[in-house]
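A.B. asks: Before we start, here is the structure in question, set down as C-alpha cells.
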Amino acid sequence: MTTENRSSFLRRHGTRLALSVLVAVLFWIILRGGGLPVIPDTDAFRSVRWWTVPGYAAILAALTFVRALRTRHLLRPVARVRLREILAVSFIGFLAIFVLPFRLGEVVRPALYHSKGHVPFATATGTIGAERIIDGLVLMIILAVALPLGIPLSPLPDHIGKLPIPVVAVPAAAYTSLFVFVGAFLAMALFYWRRELAWRLTGRVFGFVSPRLGQFLASQVEKMSQGFRFLPSPRLFLPYLAETLVYWALAALGMWLLAWGCGLHTVSFAQACTFMGVLGVGIIAPGAPGYFGAFQGSLYAGLALYLAEPTVLGPGAVFVFLLYVCQLSMMAVHAALGALIDRDLVSSAALEAPASDHA
C-alpha cells in the first residue's frame with residue numbers, strides 16, 4: 001500500500017478508527033471493572049494441557065480452508081475464478097474482517113475480486129452478503145438447538161462477574177437473532193426472485209432526486225442481485241450448505257477441544273456449540289478492532305449459562321484468552337499465506353472503499 005493510498009484511507013476512515021479505539025478502551029474498562037479478566041493471572045495457566053493449543057490451531061487451519069473453499073460455489077455463476085485466487089482473497093479478507101473496526105473489513109474481499117477484474121464490485125458484494133446471511137442463519141439454528149441441549153443452570157445467574165447483566169438475556173438474544181436471520185434469508189431470496197421489481201423501484205424512487213442517480217443505483221441493484229444466482233441451483237447451493245455445516249462443525253469441535261484443554265472438563269459438545277453461537281451473536285454489531293471486548297464479553301456470557309462463577313473466572317478466563325489469541329494468530333498466518341499464494345493481490349484495493357467506477 002503506497003503512502004498516498006494509506007493517507008487517503010486514514011482521511012476517509014480516521015473518525016471511525018478513532019471511535020473504534022475508544023470503544024476498545026471502554027470495553028477494557030468495563031471488563032476490568034466487572035471482574036472479567038482479559039489476561040488471566042499466570043497461575044491460571046498451570047493446569048492447561050498445552051498440546052490442545054496446537055491441536056486447536058490445526059483445526060482452525062482446516063476450517064479456514066473449508067470456509068474459503070466453499071466460496072467457489074457462490075462465484076461459479078458469475079465469474080471464473082481460480083482456486084488459488086479464491087484462497088488468497090479469502091485468507092486476506094478473513095483477517096481484514098477480524099481486525100478492522102466497524103466492519104470495514106467486509107469490503108476487502110469484494111474489492112479484491114473487483115481489482116482482479118473478475119466481477120463487478122456490487123456483484124461481489126451480493127455474493128459475500130449472501131455468505132454472511134447463510135452463515136448467520138446456520139449458526140443461529142445451531143445455537144437454538146444446542147442451547148437447551150447443554151442444560152443451562154437453573155436458575156440462571158442475575159449477573160456476569162460483577163456486571164449486573166442477567167444471563168437470561170443470552171437466550172433471548174439468541175432466539176431474537178434467529179428470527180432476524182430467517183427474515184434476512186427470506187428477504188435475500190425474495191430480492192433475487194423479484195429482482196426486476198427491485199430494479200424498477202430503485203430507479204423510480206431515486207429517479208425523483210436525480211435520473212442519473214436512479215439509473216446508477218438501479219444498475220447496482222441489478223449487479224448485486226447477480227451475486228445470488230447460486231440460490232436456485234441445487235448443484236451449487238447444496239454443496240455450499242454441506243461445506244458450511246462442515247465449517248461450523250469444525251469450529252465447535254475446536255472450541256470443545258480447547259475448553260477441555262483449559263480445564264473445563266465438564267463442557268459438552270452441545271455447550272461448545274452454544275459458546276460458538278453466543279460468540280457469533282456478540283460480534284454481529286460493528287465495534288472495536290479485533291472485536292475486542294465484544295469477543296471476550298460474549299464468551300463469558302456463554303460460559304455463565306452452564307458453569308459456576310469460580311469456573312467461569314478461572315479456567316473459563318484462560319479459555320477465553322487462548323481462544324482469542326489462537327484465532328487472531330492463525331488469521332494472521334493465513335493472511336501471510338494468502339499473500340504468498342498470490343503476490344500481486346496485496347494492493348491498495350484491499351483497504352480502499354469502492355468508488356463509483358467499481359460498477
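A.B. asks: Tell me yes or no: at least one residue of the range 165-174 is surrounded by 17 or more Cβ atoms within 10 Å (Cβ to Cβ) and not in a helix (DSSP H, G or I).
C.D. replies: yes
A.B. asks: Filtering the range 227-268 down to residues that are outside any loop (DSSP other than H, G, I, E, B) and free of Cβ contacts under 8 Å to residues at least 60 places away in the same chain, which residue is surrounded by the fewest Cβ atoms within 10 Å (Cβ to Cβ)?
C.D. replies: Ranking the candidates gives Pro234 first.
A.B. asks: Tell me the residue from Ser8, Ser20, Ser90 that is part of a helix (DSSP H, G or I), modelled with pLDDT of 80 or more and at negative phi, please. Give the derivation first.
C.D. replies: Working: Ser8 fails: modelled with pLDDT of 80 or more; Ser20 fails: modelled with pLDDT of 80 or more.
Just a single option satisfies the conditions, and that option is Ser90.
A.B. asks: Quick check on the range 128-149. Is at least one of its residues within 19 Å of Gly314 (Cα to Cα) and hydrophobic (A, V, I, L, M, F, W, C)?
C.D. replies: No.
A.B. asks: Related question: Please verify whether Pro148 is modelled with pLDDT of 95 or more and surrounded by fewer than 18 Cβ atoms within 10 Å (Cβ to Cβ), treating the condition exactly as stated.
C.D. replies: yes
A.B. asks: Given the criteria in contact (Cβ under 8 Å) with a residue 60 or more places away in the chain, more than 20 Å from Leu153 (Cβ to Cβ) and of a type in the set (Val, Ile, Thr), does Val318 qualify?
C.D. replies: yes
A.B. asks: Among Phe98, Phe45, Phe94, which is the only one that is touching a His at 6+ places or on another chain (Cβ under 9 Å) and either farther than 30 Å from Gly263 by Cβ or aromatic (Phe, Trp, Tyr) (or both)?
C.D. replies: Phe94
A.B. asks: Can I ask one more? Sort out which residues of the range 295-333 are touching a Phe, Trp or Tyr at 6+ places or on another chain (Cβ under 8 Å) and in a loop (DSSP other than H, G, I, E, B), and write them in order of number.
C.D. replies: none
A.B. asks: Could you list all residues from the range 133-179 that are closer than 17 Å to Gly297 by Cβ and within 18 Å of the chain's Cα centre (by Cα)?
C.D. replies: Leu143, Ala173, Ala174, Ser177
A.B. asks: Can you tell me which residues in the range 146-179 are among the β-branched types (Val, Ile, Thr) and without any contact (Cβ under 8 Å) to a residue 40 or more places away in the chain?
C.D. replies: Result: Val168, Thr176.
A.B. asks: Sort through Val78, Val108 and tell me the only one that's more than 26 Å from Ile283 (Cα to Cα) and among the β-branched types (Val, Ile, Thr).
C.D. replies: Val78
A.B. asks: Can you confirm whether Ser233 is within 16 Å of Val170 (Cα to Cα), among the polar types (S, T, N, Q) and at pLDDT below 95?
C.D. replies: Answer is no for this residue.
A.B. asks: Looking at the range 58-79, which of its residues are in a helix (DSSP H, G or I) and among the hydrophobic types (A, V, I, L, M, F, W, C)?
C.D. replies: Those that are in a helix (DSSP H, G or I) and among the hydrophobic types (A, V, I, L, M, F, W, C): Ala58, Ile59, Leu60, Ala61, Ala62, Leu63, Phe65, Val66, Ala68, Leu69, Leu74, Leu75.
This table checks each residue for (1) touching an Asp or Glu at 6+ places or on another chain (Cβ under 8 Å); (2) among the small types (Gly, Ala, Ser); (3) surrounded by fewer than 18 Cβ atoms within 10 Å (Cβ to Cβ).
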residue: Ser47; (1), (2), (3): no, yes, yes
residue: Trp50; (1), (2), (3): no, no, yes
residue: Thr71; (1), (2), (3): yes, no, no
residue: Leu75; (1), (2), (3): no, no, no
residue: Arg80; (1), (2), (3): no, no, yes
residue: Ile86; (1), (2), (3): no, no, no
residue: Ser90; (1), (2), (3): no, yes, no
residue: Lys116; (1), (2), (3): yes, no, no
residue: Phe121; (1), (2), (3): no, no, no
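The values are calculated or read from the model by the stated rules, or taken from the named source; none is laboratory data. The model shown is predicted, which means the values in this text are computed figures rather than measured ones. Using ideal geometry, Cβ is built from the backbone for each residue, glycine included, and neighbour counts are taken over all protein chains shown.
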